[in-house]
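Notes for the one structure printed next.
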Amino acid sequence: MADAAPVQGKRNLRLFVALAFPDEVRTELRRAADAMRAFAPRGTRWANVGGAHLTLRFIGGTPPDAAPSLGEAVVRAPEGIAPFELSLGGAGVFPPRGAPRVLWVGVDGALDVLTDLRDSVEDSLEATGIPREERTFAPHVTLARVNARLSRDEAEALRTSMAALDVHPVVFAVEEVGLYHSDLLPTGAVYTRLASAHLSSFPRRWESSRSISEL
C-alpha cells in the first residue's frame, strides 16, 4: 500500500467501510424510493441513491494521517472470505418502535457470510485502536429520513406502508470491500473510495480519485 504523507492542519475525514452496489441495485433502490414518495410525510429528506452503499462500519471523524493505517486494516479484513451473493429484500423503518425516523430497504441472501465479513472488519479496525461497534449489526440501505412530527396513527400508517412495499429481490455479487470518505455538501453527500480489496484475493494498494493530502 502506498504511503500517504502526514497532513497538517487538515480537517478530519468522515470515514466508513462499505460495499458498493452495481447499477441494477441502484435502479431498484431508485424505483423503491419513488414508490415511497407516495406515502412519505411532507419534509422527508431523501438520500442520494446514486451513491447508495451497504455500510459495514461507520468510523466517523478521523485525522487524515490516520487514514492509511485504517486502509491497511480494511484491505486485510476480507482475506479468507470468498465472494458471495446478497439480494435486496423487504423494507421498514427505524426505530422499530415509536416515531419512524429512517426509511430503509433491507438485504437478504448469504447474511451469515456478510456478518463474518463485518466481524472481520471490526477485528481489523480494533487492532488499529478503533473501539468495536456495540450495536447489533442490522444490514440495510437508508433511503430517507423523516423530519416531521407524526401522530400515532400517522406513524402506524407509515410503518404499515413500508412493510408492504414491494421491493424486487435483485441479486448481486459481493466481491470487494472498501474504505470511503464522505463529503457532506449542500447538494448532498459525495463519496470517495480511499482503499479497497477483493474478497479472498491479495489486498489492493491505495485506490482513490484524490490523494489523502488533497482531502
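The values are calculated or read from the model by the stated rules, or taken from the named source; none is laboratory data. This structure is a prediction, so every number in the text was calculated from the model and none was measured. Don't worry about glycine lacking a Cβ; one is built from the backbone with ideal geometry, like all the others, and counts go over all protein chains shown.
Which one of these does residue 67 not meet: (1) under 17 Å from the mean Cα position of the chain (by Cα); (2) crowded, with 20+ Cβ neighbours inside 10 Å; (3) at pLDDT below 95?
(1)
Determine if segment 63-83 includes at least one residue that is closer than 20 Å to residue 185 by Cβ and either of a type in the set (Lys, Arg) or not in a strand (DSSP E or B) (or both).
Yes, segment 63-83 contains a residue that is closer than 20 Å to residue 185 by Cβ and either of a type in the set (Lys, Arg) or not in a strand (DSSP E or B) (or both).
Within segment 169-195, restricting attention to residues that are among the small types (Gly, Ala, Ser) and touching a strand residue (DSSP E or B) at 6+ places or on another chain (Cβ under 7 Å), which residue is surrounded by the most Cβ atoms within 10 Å (Cβ to Cβ)?
195
For segment 105-124, name all the residues that are surrounded by fewer than 20 Cβ atoms within 10 Å (Cβ to Cβ) and in a strand (DSSP E or B).
106, 108, 109
Do any residues in segment 97-123 that are more than 17 Å from residue 136 (Cα to Cα) have Cβ atoms under 7 Å from those of residues that are among the polar types (S, T, N, Q) and in a strand (DSSP E or B), where the two are at least six apart or on different chains, and which pairs are they?
109/87
In segment 156-168, which residue that is of a type in the set (D, E, K, R) and closer than 22 Å to residue 31 by Cβ is surrounded by the most Cβ atoms within 10 Å (Cβ to Cβ)?
159
From the list 77, 82, 47, exactly one residue is surrounded by fewer than 20 Cβ atoms within 10 Å (Cβ to Cβ), touching a Ser or Thr at 6+ places or on another chain (Cβ under 7 Å) and either more than 30 Å from residue 150 (Cβ to Cβ) or of a type in the set (Asp, Glu) (or both). Which is it?
Only one candidate passes the filter, namely 82.
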